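Step one of this worksheet: look at the structure below.
The values are calculated or read from the model by the stated rules, or taken from the named source; none is laboratory data. Small disclaimer: the values here were computed from a predicted structure and weren't measured. Note: ideal-geometry Cβ built from the backbone for every residue, glycine included; neighbour counts use all protein chains shown. Protein only, heavy atoms only, side chains kept; ligands, DNA and RNA dropped before computing areas. Shrake-Rupley method; radii C 1.70, N 1.55, O 1.52, S 1.80 Å.
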Amino acid sequence: MNLMISKTPSRTTDGAARANAAAEIISYAISECILGRVLVARSVKGVCAILIGADHEELKADLAARFPRAKTIVNETIVRDDLGKVIRFVDKPAKGLHFTLDMRGTPFQRRVWEKLRAIPIGRTVSYMELAHWISPLASARAVAGACAANPIALAIPCHRVVRSNGDLAGYRWGIERKRELLNREAVA
């Protein structure tokens with residue numbers, strides 16, 4: 001029996017994959033809040049990024065770097081409601097922040113992010129405690145890495161994770177923003 005295996009990939013499969021990747025559009029808008037500037041981005045599946053910073057161009061560059069194959073376009077009409085919810089949450093966190101998310105990451109990162117979403121407003125957990133929720137084999141360092149990779153600030157509340165002694169640890173968006181968020185949530 002003689003089998004021929006083509007070394008040329010199927011053009012239909014490759015072409016379809018490229019067309020799907022090229023077709024993705026991510027709409028975003030930027031506004032001001034008490035934490036600085038906030039960028040909210042949405043794919044067809046849901047909110048895929050909430051980025052916080054001081055500079056408009058820096059936020060746009062961060063979004064483009066996180067989604068290099070997508071076309072990112074400013075579209076305040078599509079993102080307006082989500083952006084409003086984020087700003088209201090920062091001002092008054094008691095009501096929470098609820099919308100459909102498009103979480104993109106490794107399976108481990110997504111598990112960490114799902115556990116983070118279960119932490120109630122006003123509560124903090126340590127990296128080690130969160131690691132134990134994930135798996136007896138998970139490390140605090142791996143959890144911290146997943147928190148650092150989180151592109152959806154606030155909706156995936158990595159600001160609620162602290163060191164074992166209760167001190168604030170690194171926060172992708174800055175320790176002062178983390179402190180402000182935790183203080184606002186403690187009052188809520």
With every protein chain kept in place and a 1.4 Å probe, the chain has an accessible area per residue in Å² of 57
Rounded to the nearest 5, the percent of DSSP beta bridges in the chain running antiparallel is 60
With +1 at each Lys and Arg Cβ and -1 at each Asp and Glu Cβ, the charge dipole magnitude of segment 43-89 around its Cα centre, to the nearest 20 debye, comes out at 280
Restricting to Cα pairs under 8 Å and 6 or more apart, the percent relative contact order of the chain works out to 20
Heavy-atom accessible area of the chain with neighbours in place, 1.4 angstrom probe: carbon+sulfur share in percent works out to 53
If amide H atoms are modeled at 1.01 Å from N in the peptide plane, then the residues at a separation of 5 or more from ILE152, or on another chain, having amide H under 5 Å from its own are ILE50
Magnitude of the Cβ-charge dipole (Lys and Arg +1, Asp and Glu -1) of the chain about the Cα centre, nearest 20 debye, reported as 460
Summing -39500 (n - 2.57) over every DSSP H run of at least 4 in the chain, dividing by its residue total and rounding to the nearest 500, the 222 nm mean residue ellipticity is -13500 deg cm²/dmol
Unit-weight point scatterers at every alpha-carbon of the chain, Debye formula, q = 0.16 1/Å: log10 I(q)/I(0) is -1.00
The rounded separation in angstrom of the Cα centers of segment 136-188 and segment 25-60 is 19
A chain fully extended from PHE108 to ARG69 at 0.36 nm per residue, minus the present Cα-Cα distance, gains in nm 11.8 nm
Answer in debye to the nearest 20: the dipole magnitude of segment 126-188 about its Cα centre, from +1 Lys/Arg and -1 Asp/Glu charges placed on Cβ, is 100
A student applying the Cα gyration tensor rule (rounded when a/c is under 1.5; otherwise prolate if a/b is larger than b/c, oblate if not) would label segment 94-144 oblate
Between LEU137 and ALA54, the FRET efficiency computed from the C-beta separation at R0 = 25 Å comes out, to the nearest 0.05, as 0.05
